[in-house]
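Step one of this worksheet: look at the structure below.
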Amino acid sequence: MDKIGKYDIVRELGRGATATVYLGNDPFAQREVAVKVAFPEILKNPERGKLYTHLFLNEASLVGKLVHPHIVQIYDAVVAKGLCYIVMEYVPGGTLEAYCSVDKLLPIERVVEIIFKCTRALDHAFRIGITHRDIKPANILFAGKDQGLGDIKISDFGAAIIDDPERTQVSGVGSPAYMSPEQVKEQSLNHQTDIYSLGVVMYQLLTGQLPFRASTSYNIIHQIINTEPTKPSSLRNKIPDVLDAIVARAMRKNTRERYQNWEEFAHDLAQVFRNKHLKTPAHDFAESEKFDTLRELPFFAHFSDAEIWEVLRFSGWSNIAPDEAIMNDGDPGDFFCFLAEGELKVTKNGRILNLLTPGDCFGEMAVISTKTQTRGADVVALTKAKIITVKDEALRHASEPCRMHFYQAFLEVLSSRLELSNTRLAAL
C-alpha cells in the first residue's frame, strides 16, 4: 500500500484485532503521522460489528478536540463505505508496557512524573467532557526514543465516554485488569473510573506486577470487587509510604473514598517532591513540582495547561542563597523572574524600595519597555529562595496564545502596582 487518501504510506507500525497502523507522511503539513486503518470485515462482523464501529466513530469524532501536550492528537478521520481510517500524531517511543516487569522497572521518581502528567492530560479531557475508560500501559506512549527522559502521551480514546455517559456508554470494552469496580459491574461511569485505572498503572509501574492476578477474567473481577491489594512498598524497596497512600486512594473501591477529581490526585503527586519524600538531582526541580508551582501562581491563573507546560519548557529554575544578588542596577535586562519561595528586597542606592514575596513578578519592565533595557534597581535575596527565570528571547519565540497571556498578566501586575502607589500617596 503506497497511499491512503492524501497520506503517503512509509511502512506498517503494528497490527491489532480491529485495525492496522501505518507510518505515513502528510505532504501538505510536512510531518510524519500514524494512520490507523480499520479492517472492513471487522466493522461488518455480525456479532461485534456494531461495537467496533462505535469505537472507531467515537475516536474519529475527537478530531481537533483533544489538544494537549500529553495526549496523542487526532488530525483527520475518514469514514467511507470501503475505507475507514484515523490520522494521528506519530509518537515514536513505544509504550509503558515494556516497563511493567520486575527486571525493567523505571526509577520511582520517573514513575511519579509520568503519572502526574497523565493526571493533567486526563483532567484536560474531563474538562471537555471526555472519560477515557481504557487507561492501561499499552495506551500510554513515550514521546521520545529515550524512555528515561521526555514526555508521555495518552492514546486510544476509542472507548471514551463523550459528553453524555448514558448516551455513549457501551459494555464489552476495556481491559479487565485495569477496570474499576464500577466498570466491571457495568455501572454508570465518570472520570473516577479513569482515576482508578491510572492507580493500577501506577501500581504496576512501581512494582512490576498487577495488583490483582488470576488465571481467568472472572477471578480478576472477583478480586477487583472484594480484595485489597498488597502495598507497593512490600514488593519493592525504597517506595515511600506516601506513594502507598496515593495508590491506595486512587484505587479505593468506594468512589466516595477515592480521589474526587484529578486536581487532588495531581496535587498529592507534586507534594511527594515538594516534601522531599523523593529526591531530585541537586539544583534541579521535578517537572510535577514545576507545573504545580506555576499553576498556583496568580500570574498564570488564565494560562491553559498546555501553555503552563510551554512556560515550564522555556523557563529556568534555580535555588538562591541568602544575600545573593539576582539583578543589579544598571545591568542589561534581558530576562524577568518570578519568586516561587522565599523573600527578596529591591534596593536603589542602598535604600529599600520594596520587599518581594512568593508569587511576585519582577524585572519585567526592562523586557517589555521599548525605551530602555537596563535594570533600575538591585534585587537581592533576604532568605533562601526559588526563582523562575524567563528570558526575553524565549518569550518572543513562545506561541501566540502564550505570549498574549503573558502581556495580559503584565498589565494586571502594572495595574496592581499603580493602585498600590496611589494608595500610598493618598496616605501621605
Given H placed 1.01 Å from N in the peptide plane, which residues other than close sequence neighbours of ARG252 have an amide H under 5 Å from its amide H?
TYR259
With a 10 Å radius around each residue's Cβ, average the other Cβ atoms per peptide and rank 106-115, 29-38, highest first.
106-115, 29-38
Max mean-square fluctuation residue, GNM over the chain, Cα-Cα springs under 10 Å, options PHE56, PHE362, PHE28
PHE28
Globularity index of segment 96-282, i.e. its alpha-carbon radius of gyration over 2.2 N^0.38 Å:
0.98
Name the long-range amide H neighbours of GLY376: under 5 Å, sequence gap of 5 or more, or other chain; modelled H, no Pro or chain starts.
GLY330
Cβ neighbours within 10 Å, averaged per peptide: list 60-68, 74-82 in order, most packed at the top.
60-68, 74-82
In the Gaussian network model of the chain, springs joining C-alpha atoms below 10 Å, which of LEU414, LEU294, LEU243 carries the largest mean-square fluctuation?
LEU414
Which values, in whole Å and largest first, are the semi-axes of the equivalent ellipsoid of segment 305-427 obtained as the square root of 5 times each eigenvalue of the Cα gyration tensor?
23, 18, 15
What does the helix-only formula give at 222 nm for the chain: each DSSP H stretch with n ≥ 4 adding -39500 (n - 2.57), the total divided by the residues, and the result rounded to the nearest 500 deg cm²/dmol?
-10500 deg cm²/dmol
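Once you charge only the Cβ atoms, +1 for Lys and Arg and -1 for Asp and Glu, what is the size of the charge dipole of the chain about its Cα centre, to the nearest 20 debye?
On the way: 49 positive and 55 negative charges, 128 e Å.
Approximately 620 debye in magnitude.
Working out 0.36 nm times the residue gap between GLN260 and GLU324, then minus their Cα-Cα distance, what length gain in nm do you get to one decimal?
Here the answer is 18.8 nm.
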Average projection area in nm² (convex hull over Cα atoms of segment 224-309, one quarter of hull surface)
7.5 nm²
What list of ³J(HN,Hα) values in whole Hz, one per residue of segment 105-116 in order, does the Karplus curve 6.51 cos²θ - 1.76 cosθ + 1.60 (θ = phi - 60°) give from phi, with Gly and Pro shown as x?
6, 6, x, 4, 4, 5, 4, 4, 4, 4, 5, 4
For segment 188-292, what is the relative contact order in percent, using Cα pairs closer than 8 Å and at least 6 residues apart in sequence?
26 percent
Taking 0.36 nm per residue of separation between GLU296 and ALA214 and subtracting their Cα-Cα distance, the length gained on full extension comes to 25.2 nm
Give the cross-link partners of LYS50 among the lysines, using a straight C-alpha distance below 29 Å as the criterion and excluding same-chain residues fewer than 8 apart.
LYS3, LYS6, LYS36, LYS65, LYS81, LYS136, LYS153, LYS185
Distant alpha-carbon pairs in segment 3-89 (separation over 17 angstrom), percent
48 percent
Förster-model FRET efficiency, 30 Å R0, SER415 and SER188, C-beta, rounded to 0.05
0.05
Given labels modelled 7 Å from the Cα in the Cβ direction, how far is it in nm from HIS222 to ASN422?
7.3 nm
Can you list the lysines whose alpha carbon sits under 18 Å from that of LYS290, skipping same-chain ones fewer than 8 residues off?
LYS117, LYS276, LYS279, LYS384, LYS386, LYS391
Normalise the Cα radius of gyration of the chain by 2.2 N^0.38 Å (N = residues in it) and let me know the number.
1.13
Suppose R0 equals 30 Å; then what is the FRET efficiency for LYS104 and GLU32 from their Cβ-Cβ distance, rounded to the nearest 0.05?
0.65
Charge tally for neighbours of ILE9 with beta carbon under 15 Å away, counting Lys, Arg as +1 and Asp, Glu as -1, is 0
If you filter segment 332-428 for trypsin sites (Lys or Arg not before Pro), then keep DSSP loop positions with at most 11 other Cβ within 10 Å, what is left?
LYS371
If R0 is 25 Å, what FRET efficiency do you get for ARG274 and LEU235 from their C-beta distance, rounded to 0.05?
0.45
Cα long-axis angle, helix 49-60 against the chain (0 to 90 degrees, to the nearest 10)
20 degrees
Nearest 20 debye, what's the magnitude of the dipole of segment 1-159 about its Cα centre given +1 on Lys and Arg Cβ and -1 on Asp and Glu Cβ?
380 debye
Counting sequence-distant residues (5 or more places) and residues on other chains, those with an amide H built under 5 Å from that of TRP317 are THR389
Spacing of the two label points (7 Å from each Cα toward its C-beta) at ASN354 and THR383, in nm:
1.9 nm
Cut-off 10 angstrom, C-alpha nodes, Gaussian network model of the chain. Which of GLY14, GLY24, GLY144 fluctuates the most?
GLY14
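Mind ranking 129-142, 321-334 by how tightly packed they are, going by the mean number of other C-beta atoms within 10 angstrom, highest first?
129-142, 321-334
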Alpha-carbon centroids, segment 2-25 and segment 190-238: separation in whole Å:
34 Å
Debye, to nearest 20: dipole size of segment 96-282, +1 on Lys, Arg Cβ, -1 on Asp, Glu Cβ:
480 debye
Can you give the relative contact order of segment 250-318 as a percent, counting alpha carbon pairs under 8 Å and 6+ residues apart?
23 percent
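Here, each number is a calculation from the coordinates, and none is a lab measurement. Here the structure is a predicted model, which means the values were calculated and not measured. A quick note on method: Cβ atoms are made from the backbone with ideal geometry, for glycine too, and the neighbour counts reach across all protein chains shown.
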